[in-house]
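Undergrad: Quick one: the structure is below, and I'll ask about it shortly.
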Amino acid sequence: MPFFAVVPTTSARPSSMLLAAGYAPAYGKRDLAAPELEHVRRALTFILQQQEPFPALVVDGSWDIVMANAASGRILGLFQDLAQSSRIWHGMLCT
């Protein structure tokens, strides 16, 4: 059994281990904007729209937000405003 099948890792890590061992990577890295993934983007967009009015996100293997619906933008916008105001307060208190 391969090491990465036992130890939890991200999808990028097993591929790099396989390459280092001289094997082909298990998963190819593709950008979601690639033309061959159009059907995947359409499906994800449909799923995100169906989740309204609830927030929904699509994240990649590094937990970066790749796609989001409008409700998640409204929710995350609140945190962005909060982060902005906390930076202002931090700047006022620390100077």
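Undergrad: From the list ASP60, ASP81, pick out the single residue that is among the charged types (D, E, K, R), within 17 Å of ASP31 (Cα to Cα), modelled with pLDDT under 90 and surrounded by 10 or more Cβ atoms within 10 Å (Cβ to Cβ).
TA: Values: ASP81 fails: within 17 Å of ASP31 (Cα to Cα).
Of ASP60, ASP81, the one residue that is among the charged types (D, E, K, R), within 17 Å of ASP31 (Cα to Cα), modelled with pLDDT under 90 and surrounded by 10 or more Cβ atoms within 10 Å (Cβ to Cβ) is ASP60.
Undergrad: Pairs needed: first member in the range 31-48, without any contact (Cβ under 8 Å) to a residue 60 or more places away in the chain; second member anywhere, surrounded by fewer than 10 Cβ atoms within 10 Å (Cβ to Cβ); C-beta distance under 9 Å; at least 6 residues apart or different chains.
TA: Listed by first residue and then by second, the contacts come to LEU37/ASP31; ARG41/ALA33.
The values are calculated or read from the model by the stated rules, or taken from the named source; none is laboratory data. All values derive from a computational prediction rather than experimental measurement. Positions of Cβ are generated from backbone atoms using ideal geometry, with glycine treated the same way; all protein chains shown enter the neighbour counts.
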